[in-house]
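Right, one structure below, let's go through it.
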Amino acid sequence: MTYLSTRDAAHKATAAQAIVTGLAPDGGLYVPQSVPSLDIKGMQGQSYQQVAFNTLSALLEGFDENALKEAIDLSYGANFNHKVGALVSLSQDLHSLELWHGPTAAFKDYALQLMPRLLVQAKEVTGNTQQTLILVATSGDTGKAALEGFKDVKGTGICVFYPNQGISKVQRLQMDTQEGQNVAVYAIEGNFDDAQQGVKEAFSNEAMARALAEKNTALSSANSINWGRLAPQIVYYITSYLKLCDAERISYGDPVDFCVPTGNFGDILAGYYAKQMGLPVGTLICASNKNNVLTEFFETGLYDVRREFYKTSSPSMDILISSNLERLLFHASGNDADRVKSWMSELAEDSCYQIDDATLSAIQKDFAAAWTSEAEVATTIKDTMAQYNYLCDPHTAVALHAAQHVKRDEKRPVVVLSTADPYKFSGKVLESLEETVPTDEFEALDKLHDVSGLPIPDSIRLLQAKEVRFTTTIPSSDIQKVVQNLEV
Ligand SMILES: *Cc1c(COP(=O)(O)O)cnc(C)c1O
């Protein structure tokens, strides 16, 4: 199966090349030329790992089947507390796909537990013998998920930079106590933009690239536009649908809607690919927070970032440019790379673009969109507890509210993707439940435990007792120096 660049359909790559390089040379994203169809009905009764293997082997031609199987088994076993793909039914037609039982308590573990192993295999397939050094600038969650995914993965090293302002105590401890022989963590003086700017400069520093090449090392990123991060997310759409069949809530073939709290558009796009592969998906509902650029886009076809940026209680969705949307534009325009390229340059130059009517109506066949205000996040957390005795985090609340208010066929079951453990956001959750919030984050965890009775995940509960390994804060201008001298 061949992959193309969204900005140049003549540029072709294998799955392994797409994963090793991440981005096409013209700045486009890699997409499958044609999406393979799967015998999903025949997968009924299979384990998560079997469904993952059947799905991913269709998408990753050229990979060794035994190695792929082993990577999948290691990625989705005990490290997910054996709750991989857990689906909780709130009512007959409203279901929560809990994607946060992995090692860092957020859904990014699904991609980042497997992607490093896919990268190792992709390097073998392409004959690449370089050491891969992953650089990450993080506002919190991605950094920890990437550290857990890459720790002790052979042929790789990872260095994470987080801002010393604006990150929670739990998030900081999660990273500062990171285990593994090939990991490094630094705090940067400043905010997230300072950290990101420093890492961007490291990526574009040619002298440094040459110096690293002499040590047989190349820089790479674990960014969510890498096909190796997107593909693993297709699997849980399929398994959750099959679970609804198993539970006899639907018969195979009945359409099910999925509602997805969206930031960079990777998670929801995986649902689109699941549908292309044959899954009976009804509407994919794109749920946004107050940064609602995508809601406007799905309604009008205008993508317009000339607007205020808000910091909300669902920080992983505080994004104005959703990179993976470019992949949808490519497919919905009939693989028209020239048009995608011109929209992307309009976005870069004018901060907006308007798609044509034909592409918009193609998109509206599969997608609907809604956004949730901060006040509605709070009432949704409270009401969901009162009505269903179910505790949800602010990201999940954004989607639960959207699912219950967007215009859709209400007779259809809807699966809401629940992307973070509520304990990752104890303060906001307690406040929404109209409880007082202790200033100490660990006291807040205990309080939320008292209120909800839910177990605190070990990955958070045991943090206070873990050895702190990383304590260095540097100015962002030192990032390049640090990278050049890393011994990971
Ligand atoms: C990253 C993230 C999202 C958004 O997912 P995208 O693939 O970027 O759309 C939603 N919720 C949580 C908790 C996340 O970490």
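The values are calculated or read from the model by the stated rules, or taken from the named source; none is laboratory data. These numbers were taken from a predicted model, which means no experiment stands behind them. So basically every Cβ, Gly included, is an ideal-geometry build from the backbone, and we count neighbours across all protein chains shown. In case anyone asks, the SASA skips ligands and DNA or RNA and just uses the protein heavy atoms, side chains included. Shrake-Rupley method; radii C 1.70, N 1.55, O 1.52, S 1.80 Å.
Condition test on D194, is it more than 16 Å from the ligand (Cβ to nearest atom), at positive phi and not in a strand (DSSP E or B)?
Values: more than 16 Å from the ligand (Cβ to nearest atom): yes; at positive phi: no; not in a strand (DSSP E or B): yes.
No.
Being within 16 Å of the ligand (Cβ to nearest atom), over 30 Å from R306 (Cβ atoms) and in a strand (DSSP E or B) is the requirement here; does V429 meet it? Lay out the reasoning, then the answer.
On the way: within 16 Å of the ligand (Cβ to nearest atom): yes; over 30 Å from R306 (Cβ atoms): yes; in a strand (DSSP E or B): no.
Considered against the rule, which asks whether it is within 16 Å of the ligand (Cβ to nearest atom), over 30 Å from R306 (Cβ atoms) and in a strand (DSSP E or B), V429 comes out as no.
Filter region 447-488 down to the residues that are under 18 Å from A202 (Cβ atoms), of a type in the set (A, V, I, L, M) and either touching a Lys or Arg at 6+ places or on another chain (Cβ under 9 Å) or assigned to a loop (DSSP other than H, G, I, E, B) (or both) and list them by number.
I474, L486, V488
Just checking, which of Y186, Y237, Y241 is modelled with pLDDT of 90 or more and touching a helix residue (DSSP H, G or I) at 6+ places or on another chain (Cβ under 6 Å)? Spell out the reasoning first.
On the way: Y186 fails: touching a helix residue (DSSP H, G or I) at 6+ places or on another chain (Cβ under 6 Å); Y241 fails: touching a helix residue (DSSP H, G or I) at 6+ places or on another chain (Cβ under 6 Å).
Only one candidate qualifies: Y237.
Test N291 against the criterion of being surrounded by fewer than 21 Cβ atoms within 10 Å (Cβ to Cβ) and within 13 Å of the ligand (Cβ to nearest atom), and give yes or no.
Working: surrounded by fewer than 21 Cβ atoms within 10 Å (Cβ to Cβ): no; within 13 Å of the ligand (Cβ to nearest atom): yes.
In short, no.
For every residue, the table says whether it meets (1) charged (D, E, K, R); (2) surrounded by fewer than 18 Cβ atoms within 10 Å (Cβ to Cβ); (3) away from the ligand (no atom under 16 Å from the Cβ); (4) without any contact (Cβ under 8 Å) to a residue 24 or more places away in the chain.
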{"position": "A247", "(1), (2), (3), (4)": "no, yes, yes, no"}
{"position": "D267", "(1), (2), (3), (4)": "yes, no, no, no"}
{"position": "M277", "(1), (2), (3), (4)": "no, no, yes, no"}
{"position": "I285", "(1), (2), (3), (4)": "no, no, no, no"}
{"position": "T295", "(1), (2), (3), (4)": "no, no, no, no"}
{"position": "S322", "(1), (2), (3), (4)": "no, no, no, no"}
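With the checklist (1) farther than 13 Å from L94 by Cβ; (2) of a type in the set (S, T, Y); (3) under 19 Å from the mean Cα position of the chain (by Cα) in hand, flag the one item T372 doesn't pass.
In the conditions (1) farther than 13 Å from L94 by Cβ; (2) of a type in the set (S, T, Y); (3) under 19 Å from the mean Cα position of the chain (by Cα), T372 misses (3) alone.
(1) in a loop (DSSP other than H, G, I, E, B); (2) without any contact (Cβ under 8 Å) to a residue 24 or more places away in the chain; (3) in contact with a Lys or Arg (Cβ under 7 Å, 6 or more places away or on another chain): which one isn't true of K83, the others all being true?
(3)
Listed here are the residues, each with its yes/no results for (1) part of a helix (DSSP H, G or I); (2) in contact (Cβ under 8 Å) with a residue 12 or more places away in the chain; (3) open to solvent by 10 Å² or more (accessible area, probe 1.4 Å).
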{"position": "G198", "(1), (2), (3)": "yes, yes, no"}
{"position": "A207", "(1), (2), (3)": "yes, no, yes"}
{"position": "N223", "(1), (2), (3)": "no, yes, yes"}
{"position": "A231", "(1), (2), (3)": "yes, yes, no"}
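Out of the residues in region 158-183 that are touching a Gly at 6+ places or on another chain (Cβ under 8 Å) and surrounded by fewer than 18 Cβ atoms within 10 Å (Cβ to Cβ), state the one that is modelled with the highest pLDDT.
My answer is N164.
Residues A399, A378: which one is touching a residue at least 24 places away in the same chain (Cβ under 8 Å) and in contact with a Cys (Cβ under 9 Å, 6 or more places away or on another chain)? Walk me through how you get there before you give the answer.
Values: A378 fails: in contact with a Cys (Cβ under 9 Å, 6 or more places away or on another chain).
When all the criteria are applied, what remains is A399.
Find the residue count for region 252-266, including only residues that are out of contact with any helix residue (DSSP H, G or I) (no Cβ under 7 Å at 6 or more places or on another chain) and in a loop (DSSP other than H, G, I, E, B). Write out each step before concluding.
Of the residues in region 252-266, the ones out of contact with any helix residue (DSSP H, G or I) (no Cβ under 7 Å at 6 or more places or on another chain) are 253-255, 257, 264.
After this cut, where a residue has to be in a loop (DSSP other than H, G, I, E, B) as well, the list is 253-255, 264.
Residues flagged as out of contact with any helix residue (DSSP H, G or I) (no Cβ under 7 Å at 6 or more places or on another chain) and in a loop (DSSP other than H, G, I, E, B) within region 252-266 amount to 4.
From the list T384, T396, which one is within 16 Å of the ligand (Cβ to nearest atom) and part of a helix (DSSP H, G or I)?
Step by step, each of T384, T396 is checked, and only T396 is within 16 Å of the ligand (Cβ to nearest atom) and part of a helix (DSSP H, G or I).
Out of curiosity, is Q121 among the polar types (S, T, N, Q), at pLDDT 95 or above, in contact with a helix residue (DSSP H, G or I) (Cβ under 6 Å, 6 or more places away or on another chain) and not in a helix (DSSP H, G or I)? Break it down stepwise before answering.
Numbers: among the polar types (S, T, N, Q): yes; at pLDDT 95 or above: yes; in contact with a helix residue (DSSP H, G or I) (Cβ under 6 Å, 6 or more places away or on another chain): yes; not in a helix (DSSP H, G or I): no.
No, not satisfied.
Can you go through F298, F330, F367 and tell me which one is among the hydrophobic types (A, V, I, L, M, F, W, C), within 29 Å of V415 (Cβ to Cβ) and out of contact with any Ser or Thr (no Cβ under 8 Å at 6 or more places or on another chain)? Write out each step before concluding.
Working: F330 fails: out of contact with any Ser or Thr (no Cβ under 8 Å at 6 or more places or on another chain); F367 fails: out of contact with any Ser or Thr (no Cβ under 8 Å at 6 or more places or on another chain).
That would be F298, the only listed residue that is among the hydrophobic types (A, V, I, L, M, F, W, C), within 29 Å of V415 (Cβ to Cβ) and out of contact with any Ser or Thr (no Cβ under 8 Å at 6 or more places or on another chain).
The rows are residues; the columns are (1) in a strand (DSSP E or B); (2) open to solvent by 50 Å² or more (accessible area, probe 1.4 Å); (3) on the phi < 0 side of the Ramachandran plot; (4) at pLDDT 95 or above.
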residue: A10; (1), (2), (3), (4): yes, yes, yes, no
residue: S34; (1), (2), (3), (4): no, yes, yes, no
residue: N54; (1), (2), (3), (4): no, yes, yes, yes
residue: E70; (1), (2), (3), (4): no, yes, yes, yes
residue: D73; (1), (2), (3), (4): no, yes, yes, yes
residue: Q113; (1), (2), (3), (4): no, no, yes, yes
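Quick one: how many residues across region 399-426 are under 15 Å from C259 (Cα atoms), within 12 Å of the ligand (Cβ to nearest atom) and assigned to a loop (DSSP other than H, G, I, E, B)?
The qualifying residues number 1.
For the list (1) hydrophobic (A, V, I, L, M, F, W, C); (2) at pLDDT below 95; (3) part of a strand (DSSP E or B), I need the number of the one condition that L212 fails.
Condition not satisfied by L212: (3).
What are the pairs, 6+ residues apart or on separate chains, where a residue within region 107-128 that is more than 23 Å from G143 (Cβ to Cβ) has its Cβ under 7 Å from a residue that is surrounded by fewer than 24 Cβ atoms within 10 Å (Cβ to Cβ) and among the polar types (S, T, N, Q)?
From residues that are more than 23 Å from G143 (Cβ to Cβ), the pairs are T126/Q17.
Which is crowded, with 20+ Cβ neighbours inside 10 Å and either free of Cβ contacts under 8 Å to residues at least 40 places away in the same chain or part of a helix (DSSP H, G or I) (or both), of Y236, Y186? Let's see the steps before the verdict.
Working: Y186 fails: either free of Cβ contacts under 8 Å to residues at least 40 places away in the same chain or part of a helix (DSSP H, G or I) (or both).
None of the others qualify; the one that does is Y236.
So how many residues does region 446-467 have that are farther than 20 Å from A386 by Cα and surrounded by 11 or more Cβ atoms within 10 Å (Cβ to Cβ)?
Total meeting the criteria: 11.
Among the residues of region 111-125, write down those that are within 10 Å of A146 (Cβ to Cβ) and among the aliphatic types (A, V, I, L, M). Spell out the reasoning first.
First, the residues of region 111-125 that are within 10 Å of A146 (Cβ to Cβ): 111-112, 115-116.
Matches in region 111-125: A111, L112, M115.
Here is a check on your reading of the model: is F442 assigned to a helix (DSSP H, G or I), of a type in the set (A, V, I, L, M, F, W, C), within 16 Å of the ligand (Cβ to nearest atom) and open to solvent by less than 70 Å² (accessible area, probe 1.4 Å)?
Details: assigned to a helix (DSSP H, G or I): yes; of a type in the set (A, V, I, L, M, F, W, C): yes; within 16 Å of the ligand (Cβ to nearest atom): no; open to solvent by less than 70 Å² (accessible area, probe 1.4 Å): yes.
So F442 fails the test.
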